[in-house]
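Contents: one structure, followed by commentary.
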2 protein chains.
Amino acid sequence: MSGPMFELDDAVALLARTPATLDTLLRGLPEWWTTANEGPDTWSPFDVIGHLIHGEETDWLPRVKIILEQGESRTFDKFNREAQFETSQPRSLGDRLDEFAALRRENLRALAALRLTAADLDRTGRHPAFGVVTLRQLLATWVAHDLDHVMQISRVLGRQYAGDVGPWRAYLRVISGEQG
Amino acid sequence: MSGPMFELDDAVALLARTPATLDTLLRGLPEWWTTANEGPDTWSPFDVIGHLIHGEETDWLPRVKIILEQGESRTFDKFNREAQFETSQPRSLGDRLDEFAALRRENLRALAALRLTAADLDRTGRHPAFGVVTLRQLLATWVAHDLDHVMQISRVLGRQYAGDVGPWRAYLRVISGEQG
């Protein structure tokens, strides 16, 4: 399970699905649910979509281009994890979902246009905290980051029923917080 | 966050979304990914869809009917969490996704036909381990159980890249296993 599994085609297949997955899960749910969080300093599904939008705008593809054009000589800009609270973003969930989908589609078009080779995937850049990283690691992280937030959103939604499931909370890891 | 939030319409809205959410996420992904798990005695996304099918067939709506028809006098049958490994189920992921969607659609039609009232939601049944539970708790658990497994599937998919993300694993809760 922990050996290298990354293939570019698989990664793109997953990245292309995420906007529609989140759209299907969230669009049309009552607003109390999509704006609920897990307590102070935690994110609602609405916040998470804003974070994903910001990643499309400033993080993933820009870093791909830095690696290809400047390599290790140009450290990546730091990714502002709180940008969705600071910058102007669509104010309705539906508009955020639309914007995320449009940006992802455009970024995957730009990625395909780069016609990355296996040798390209070994090219390196410089992360502000980690130092040298490869393009392959960056692309794998883009995928895992999507899945991290699908996981988070389903957990945040599920936990809103913590006070409703009665004794079943013992069986529900989404509520108990246990892994497994 | 832990007060009672359950409303029947919201619950149905979520339950109706789950098959399409999982279809969008999983259909067409490479088979190595949808059949990968987290190690011995853990489930792949393919296994989870089998578990969800079995729940539609034997667990959720049958228990609703037991509560309405027999109340606490008839203890629920135990839910076999391993049935997807023991009973005959579709052998392709696409067929399992189709079957889950069809069963869920049918069960939500049957649920709507019951025209449950607020008083009905307070009716009680008997769980084999927990004792007395309410219909409201059962329905809330159906929802949270869906979200638990969306969370699990996204985690299992993400963890397959544990060996590919390099130093970013420190930031990815889907891989590190940390909450938050």
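The values are calculated or read from the model by the stated rules, or taken from the named source; none is laboratory data. None of the values given here were measured: they were computed from a predicted structure. Because the Cβ atoms are built from the backbone with ideal geometry, glycine has one as well, and the counts that use them run over all protein chains shown. Side chains are part of the model used for accessible areas, which takes the heavy atoms of the whole protein and leaves out ligands, DNA and RNA. Shrake-Rupley method; radii C 1.70, N 1.55, O 1.52, S 1.80 Å.
Computed quantities for the displayed model
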| read-out | value |
| --- | --- |
| Test result for A:L52, surrounded by 21 or more Cβ atoms within 10 Å (Cβ to Cβ), part of a helix (DSSP H, G or I) and within 11 Å of chain B (Cβ to nearest Cβ) | no |
| The one condition in (1) within 14 Å of chain B (Cβ to nearest Cβ); (2) under 19 Å from B:Y171 (Cβ atoms); (3) polar (S, T, N, Q) that A:T34 fails to fulfil | (2) |
| Condition broken by A:G71, with the remaining ones in (1) touching a residue at least 40 places away in the same chain (Cβ under 8 Å); (2) away from chain B (no Cβ under 11 Å); (3) open to solvent by 40 Å² or more (accessible area, probe 1.4 Å) satisfied | (3) |
| Residues satisfying the stated conditions in region B:32-49, i.e. assigned to a loop (DSSP other than H, G, I, E, B) and buried (at least 18 other Cβ atoms within 10 Å of the Cβ) | B:A36, B:E38, B:W43, B:S44 |
| Test for B:D59: is it in contact with a Pro (Cβ under 9 Å, 6 or more places away or on another chain) and of a type outside the set (S, T, N, Q) | no |
| Subset of region A:105-121 that is more than 21 Å from A:T58 (Cβ to Cβ) and touching a helix residue (DSSP H, G or I) at 6+ places or on another chain (Cβ under 7 Å) - its residue that is farthest from the other protein chains (Cβ to nearest Cβ) | A:D120 |
| Test result for A:A11, more than 8 Å from chain B (Cβ to nearest Cβ) and of a type in the set (A, V, I, L, M, F, W, C) | yes |
| Unmet criterion (only one of (1) within 11 Å of chain A (Cβ to nearest Cβ); (2) touching a helix residue (DSSP H, G or I) at 6+ places or on another chain (Cβ under 7 Å); (3) of a type in the set (D, E); (4) more than 30 Å from B:L114 (Cβ to Cβ)) for B:D47 | (1) |
| Test for A:N37: is it farther than 25 Å from B:D23 by Cβ and at pLDDT below 95 | no |
| Flag for B:A102 being open to solvent by less than 10 Å² (accessible area, probe 1.4 Å), away from chain A (no Cβ under 14 Å) and either in contact with a Ser or Thr (Cβ under 9 Å, 6 or more places away or on another chain) or farther than 21 Å from A:I175 by Cβ (or both) | no |
| Meets criteria (open to solvent by 20 Å² or more (accessible area, probe 1.4 Å), over 24 Å from B:D41 (Cα atoms) and of a type in the set (A, V, I, L, M)) for B:L138 | no |
| Matching option when the condition is more than 26 Å from A:G177 (Cβ to Cβ) and within 17 Å of the chain's Cα centre (by Cα), among B:L108, B:L139, B:L147, B:L121 | B:L108 |
| Hey, B:A162 more than 24 Å from A:L25 (Cα to Cα) and either out of contact with any Phe, Trp or Tyr (no Cβ under 6 Å at 6 or more places or on another chain) or modelled with pLDDT of 95 or more (or both) or not | yes |
| Residue tally, condition in contact (Cβ under 8 Å) with a residue 12 or more places away in the chain, part of a helix (DSSP H, G or I) and either in contact with a Leu (Cβ under 7 Å, 6 or more places away or on another chain) or crowded, with 19+ Cβ neighbours inside 10 Å (or both), over region B:10-31 | 12 |
| Exclusive hit being of a type in the set (V, I, T) and more than 8 Å from chain B (Cβ to nearest Cβ), set A:V174, A:V143, A:V132, A:V150 | A:V132 |
| Odd one out for B:R126 among (1) more than 7 Å from chain A (Cβ to nearest Cβ); (2) under 24 Å from A:L26 (Cβ atoms) | (2) |
